[in-house]
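Chemist: Sharing a structure, written as structure tokens. Questions coming.
The values are calculated or read from the model by the stated rules, or taken from the named source; none is laboratory data. All values reported here derive from a predicted model rather than from experimental measurement. Cβ placement follows ideal geometry from the backbone for every residue including glycine, while neighbour counts extend to all protein chains displayed. Ligands, DNA and RNA are excluded from the accessible area calculation, which covers all protein heavy atoms including side chains. Shrake-Rupley method; radii C 1.70, N 1.55, O 1.52, S 1.80 Å.
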Amino acid sequence: MSGSELAYSDVGSGPAVVLLHGYPFDRSMWREQVDFLTAHRYRIIAPDLRGFGETVAQTSVCEPSAPGHKLKSVPLNEADRTITSMADMARDVATLMDKLEIVDAAICGLSMGGYVAFEFVHLFPTRARALVLAGTRAPADNEQEKQARAQQAEQMLAKGMGDLAGATLPKLLAAGTLTEKPGVVGRVREMILRADPRGAAAAQRGMAARRDYSGDLPGIKVPVLIIVGRQDPIRPVTDAEFMHRGLSDSRLRIIEEAAHMTNMEQPEIFNRALQKFLGTAVV
Ligand code: MLT
């Protein structure tokens with residue numbers, strides 16, 4: 001263990017649900033899910049994954065970022081600063097669950113959070129009661145994608161997060177979200193702009209190095225809910241269908257009026273899908 005700490009929210013009581021954010025975001029992206037699920041008698045654990053949000057190496061202070069959200073800290077494993085693997089993040093989640101004395105939980109990850117969920121169920125198969133895989137995919141990156149990640153990591157370190165925010169918003173959000181939901185657009189932009197380029201660069205390298213999870217699919221024995229935005233150009237419906245075909249116990253929910261940030265763009269639809277799934281998968 002190092003002196004670093006993982007910031008997180010731990011709210012509500014009932015069966016535990018762990019929410020794992022995407023890249024380059026933080027746990028504030030789950031605000032609507034935290035409010036909804038706690039009102040429906042679930043205990044929500046939402047960490048800022050290593051290098052994101054308030055989880056910064058060698059930082060021990062974490063301030064509340066949302067009223068009513070209880071924030072605590074746990075030690076973070078010593079990490080190579082230049083690369084944060086998806087397995088590192090999954091182990092951090094298990095360490096956090098140990099600290100909170102949570103034996104098992106439904107693990108819900110969006111995009112990068114989905115890669116972490118794949119690693120978590122692989123490393124700790126008895127600790128995942130169910131999985132929610134939103135806007136994510138099983139295959140590893142090809143060489144071109146790896147190179148693009150390396151390039152983006154260098155650019156962020158040299159110039160900060162501004163260029164990334166400008167370039168990715170039109171892919172992260174559906175056209176309807178961009179024109180009709182300025183509040184969501186603003187929240188997503190702010191999350192990107194306040195991300196620490198060092199943490200984001202380390203996660204980019206970790207994503208480039210991640211395993212191909214396709215071979216894991218048949219071995220995942222817990223129920224899985226797959227969620228995808230119909231308009232997501234980053235992790236399109238075909239990625240979701242591929243996971244659906246490979247898994248033995250999955251259901252697929254396509255959200256029409258959303259792109260990559262399904263949980264923020266269409267929170268009511270996302271929440272209802274979660275509630276229905278958790279009601280059967282996590283009793
Ligand atoms: C994310 O939203 O977490 C990223 O798009 C994941 C990725 O780059 O593969």
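Chemist: Within region 76-91, take every residue that is at pLDDT 95 or above and surrounded by 24 or more Cβ atoms within 10 Å (Cβ to Cβ) and give me the one that is nearest to L278 (Cα to Cα).
Modeler: Per the criteria, the residue is A90.
Chemist: Filtering region 134-178 down to residues that are within 12 Å of the ligand (Cβ to nearest atom), assigned to a helix (DSSP H, G or I) and of a type in the set (S, T, N, Q), which residue is nearest to A202 (Cα to Cα)?
Modeler: Once the filter is applied, the top-ranked residue is Q152.
Chemist: For region 94-132, give me each residue that is within 16 Å of the ligand (Cβ to nearest atom), in a helix (DSSP H, G or I) and open to solvent by less than 10 Å² (accessible area, probe 1.4 Å).
Modeler: M112, G113, G114, Y115, V116, A117, F118, F120 - these are the residues of region 94-132 that are within 16 Å of the ligand (Cβ to nearest atom), in a helix (DSSP H, G or I) and open to solvent by less than 10 Å² (accessible area, probe 1.4 Å).
Chemist: Still on this structure: State which residue pairs qualify: first residue under 29 Å from A240 (Cα atoms) and of a type in the set (G, A, S) and inside region 138-162, second residue outside any helix (DSSP H, G or I) and open to solvent by 50 Å² or more (accessible area, probe 1.4 Å) in any location, beta carbons under 9 Å apart, and separation of 6 or more residues or different chains.
Modeler: Within 9 Å, the pairs are A138/D212; A140/A209; A140/R211; A140/D212.
Chemist: Can you confirm whether A174 is aliphatic (A, V, I, L, M) and closer than 20 Å to A87 by Cβ?
Modeler: no
Chemist: Of (1) within 14 Å of the ligand (Cβ to nearest atom); (2) under 13 Å from the mean Cα position of the chain (by Cα); (3) of a type in the set (G, A, S), A90 satisfies all except one. Which?
Modeler: Only one criterion is unmet by A90, namely (1).
Chemist: Which residues, taken from region 5-32, are within 16 Å of the ligand (Cβ to nearest atom) and polar (S, T, N, Q)?
Modeler: S28
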